Amino acid sequence: MKPDIVTYGSGVRGSSVNGGCKSLSGTSVASPVVAGAIALLASGVPRQNLSPASVKQALCITARRLSGPNMFEQGHGKLDLISAYQFLREYEPQASLSPPYIDLTECQYMWPYCTQPLYYSAQPTIANVTVINGLGVAGKITKVSWHPHLPNGGILSVSVDFIDILWPWSGWLAIKFSVLESGANFDGIVEGHVNITIESFDVVFDYVMKNTTLMLPIRARVIPVPVRGRRLLWDQFHSLRYPGGYFPRDDLRAKHDPLDWHADHVHTNFRDMYRRLREHGFYLEVMGSPLTCIDTSLYGALLLVDPEDEYFPEEMAALKKAVDSGLSLIVFADWYNASLLRHVKFYDENTRQWWIPETGGANVPALNDLLSMFQVALGDRVFEGAFKLAGHPVYYASGTHIHSFPEHGVLVTAKLSDQGQQIMSGEKGNGGGDTTGGGKKVDVPILGLLQTESEPRDYTNDTNNKLPRAGRLVVYGDSSCLEGGAARPCHWLLLAALQYALVGHVPTSLREAAATSHHRDVHIIPSDLPKRAEGGRLHAYSRVLSPDGSGPRPVPECASPSPMNPEPVHAPPSARTLAPRHQPTDPKSIAAPDIEGTEAAPRAWRGAGVAPSRSRADDEESSPTTFTSRALTLCAIILIVYSLHAFWKRCGRKIRRRKLISLAT
């Protein structure tokens, strides 16, 4: 879970290189704020209480939870310096977990886990937990056990991978959740907890071996298995990203941020699309293994969105068999041109070398190998432009085009500009999707709908009562409009594609926009099939290609998780199921420490003119804090005022008389 915590990082005033001050924002500002907080903590607590683990525990455990952001946006919450100081001041060596519990039902904090319930036969849900070992620099996880809470916790299967050696100060667990067949029809909440036993040598206090057991509470929502038409499979296995290699952005206009570092995941740059699909009742499962390890008969459609990697030959054969058995395939591709790859290279000052992309926006040559079994191919020209499709404004951002398509399919075209030619020739395009200028526009086939059965029949508008056995194919040449932050998102197009892929119904708007004239199945517009760039190093980052570039690797064996043997227990009260959060400390309750070994902070850290701090005993002796002492002080003040008043009443007349006589004289 990253970040660990958050703190002030927007408009922070600091020193400028040229003198004076200036405001800065970002992680590079928040990080030194935390470093300064740690320095303050280190100057005011006992030295034996300080270690990398104890400081991290102090910052994370005492952080204040924010109400809006999720766990991957705020970590444990906002830095609370006073509470962290109190925690470290009274610190006892301990181990802790981050996060301290896993509640797959808690929204908004545990997004995206809380957005989709568990059900039998789904891809495992994986949560990573960090073990922070404050007992010593080295330790060992000796035992991990799963304790489902009766009566329903037993339907949850839990498997754990972990590093048994904690070094230095920390380790990790990867927990996988799945539902057993006995819970295929269950609808409700299940609970349990995982116990982690840690053994560590305490080198700070008493130099003995210590054992401690941590409890990780778990809660999840389980529902009956959804129907096949509502289950979608997202291909994450064939997505590659920086820093493994240079994989460029999908939109060639984004020159300020050329690296595609979001990983094209449904919970990162495609989160808006994911939310839209969930709102429409679809269940999206992430495929993190080869297609040969997936039971495709459980899913209505496979989504291939902007893939960068190659495909195993065995995967292609498995996909052909799956589509013939009813699985639909939805492809949102992106640009690829071997010559254009050299035009988007850049020189990196840090590594002092030229960075050349390993693929284009998507690995179109690999996609063509996959789609060739359906007589479909994508071209090597790059187009962009704004247009209207089915009444919706659409911006085509650096997309490819359909090179060949079977005649019995439905094909949709749009007028676009050749962005690749503009970039390679040095021309200035219209930019921003201006539809009135910026080069000649041509009709470009961008969307294809295909029923994969080979029988010559009309597939334009099938209904539920006339469903063919084989699946359907939807191909679109651009994926940028599905990403979060897109100026003109095309989530409606994905929903329309799903309507065709799962039900067989072509929306009227798309049918009207389809090309009415017959077209040839090759060279719809003049172009070549994209060729793989020579001298590329995709094999160095690929999960499919051999590291030596000799071809594909052997297909990896399908990993089968080994569930832990359940040790059921009676469910505790609901309030005790999940670990409580640390309560913020009242700053007024914090006094100067009286622990031996504490060093007072230097005077300069507290500001000029501030007197040195005193011990708590001195403060208690010199400052009247009780009711009696305050009453005595008040009586003394009243007595002094009365005495002054009486003195002035008795002696003031004589003083005034003498003053008048002296003036008369």
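The values are calculated or read from the model by the stated rules, or taken from the named source; none is laboratory data. Model, not experiment: these values are computed from the prediction. Backbone-built Cβ (ideal geometry, glycine too); neighbour counts: all protein chains shown. For accessibility, only protein heavy atoms count, side chains too; no ligands or nucleic acids. Shrake-Rupley method; radii C 1.70, N 1.55, O 1.52, S 1.80 Å.
Filtered by the rule that a residue be outside any helix (DSSP H, G or I) and open to solvent by less than 20 Å² (accessible area, probe 1.4 Å), the stretch 493-506 gives Gly504, Val506.
Filtering the stretch 118-130 to residues that are in contact with a Ser or Thr (Cβ under 8 Å, 6 or more places away or on another chain) and not hydroxyl-bearing (Ser, Thr, Tyr) leaves Leu118, Ala122, Pro124, Val129. Scanning the stretch 1-30 for residues that are of a type outside the set (D, E, K, R) and closer than 20 Å to Ile132 by Cα returns Met1, Pro3, Ile5, Val6.
Listed by first and then second residue, the pairs linking a residue in the stretch 544-560 that is under 15 Å from Glu315 (Cα atoms) and open to solvent by 60 Å² or more (accessible area, probe 1.4 Å) to a residue that is part of a loop (DSSP other than H, G, I, E, B) and of a type in the set (A, V, I, L, M, F, W, C), with Cβ atoms under 6 Å apart and 6 or more places separating them unless they lie on different chains, are Pro552/Phe312; Pro552/Val544. The set of residues in the stretch 1-30 that are outside any loop (DSSP other than H, G, I, E, B), among the small types (Gly, Ala, Ser) and surrounded by 13 or more Cβ atoms within 10 Å (Cβ to Cβ) contains only Ala30.
Among the residues of the stretch 336-350, some residue qualifies, meaning at least one is open to solvent by less than 50 Å² (accessible area, probe 1.4 Å), among the charged types (D, E, K, R) and part of a strand (DSSP E or B).
Taking the listed residues Arg241, Arg221, Arg231, the one that is among the basic types (Lys, Arg) and more than 22 Å from the chain's Cα centre (by Cα) is Arg231, with no other qualifying.
Inside the stretch 184-258, counting only strands (runs of 3 or more DSSP E) that do not spill past its ends, which hold 3 or more residues that are open to solvent by 20 Å² or more (accessible area, probe 1.4 Å)? It would help to see each step written out before you state the result.
Working: elements: 188-201, 209-222, 231-235.
Counting at least 3 such residues, we get 188-201, 209-222.
Condition check: farther than 23 Å from Pro258 by Cα, touching a helix residue (DSSP H, G or I) at 6+ places or on another chain (Cβ under 9 Å), modelled with pLDDT of 90 or more and not in a strand (DSSP E or B). Does Leu450 satisfy that? Here the answer is no, as Leu450 does not meet what is asked. Residue check: Met273 meets all listed conditions (1) of a type in the set (A, V, I, L, M); (2) surrounded by fewer than 22 Cβ atoms within 10 Å (Cβ to Cβ); (3) under 20 Å from the mean Cα position of the chain (by Cα) but one, namely (2). Is at least one residue of the stretch 396-408 touching a Leu at 6+ places or on another chain (Cβ under 9 Å), outside any loop (DSSP other than H, G, I, E, B) and aromatic (Phe, Trp, Tyr)? Taking every residue of the stretch 396-408 in turn, at least one turns out to be touching a Leu at 6+ places or on another chain (Cβ under 9 Å), outside any loop (DSSP other than H, G, I, E, B) and aromatic (Phe, Trp, Tyr). State the number of residues belonging to the stretch 507-534 that are more than 21 Å from Leu371 (Cα to Cα), open to solvent by less than 90 Å² (accessible area, probe 1.4 Å), assigned to a loop (DSSP other than H, G, I, E, B) and modelled with pLDDT of 80 or more. So the count comes out to 1. Taken as a whole, the condition of being among the hydrophobic types (A, V, I, L, M, F, W, C), open to solvent by 20 Å² or more (accessible area, probe 1.4 Å) and either out of contact with any strand residue (DSSP E or B) (no Cβ under 6 Å at 6 or more places or on another chain) or under 21 Å from Leu259 (Cα atoms) (or both) does not apply to Ala362.
Yes/no matrix, rows are residues, columns are (1) of a type outside the set (D, E, K, R); (2) surrounded by fewer than 20 Cβ atoms within 10 Å (Cβ to Cβ); (3) under 15 Å from the mean Cα position of the chain (by Cα):
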| position | (1), (2), (3) |
| --- | --- |
| Ser51 | yes, no, no |
| Lys56 | no, no, no |
| Arg64 | no, yes, no |
| Pro69 | yes, yes, yes |
| Ala84 | yes, no, no |
| Glu90 | no, yes, no |
| Ala95 | yes, no, no |
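Among the residues of this structure, Gly36 does not count as one that is outside any helix (DSSP H, G or I) and free of Cβ contacts under 8 Å to residues at least 24 places away in the same chain. Checking each residue in the stretch 545-599 for being hydroxyl-bearing (Ser, Thr, Tyr) and either outside any loop (DSSP other than H, G, I, E, B) or modelled with pLDDT under 65 (or both) picks out Ser574, Thr577, Ser589, Thr598. Screening the candidates Gly485, Gly477 for the property of being within 21 Å of Val323 (Cβ to Cβ) and in contact (Cβ under 8 Å) with a residue 12 or more places away in the chain yields one hit, Gly477.
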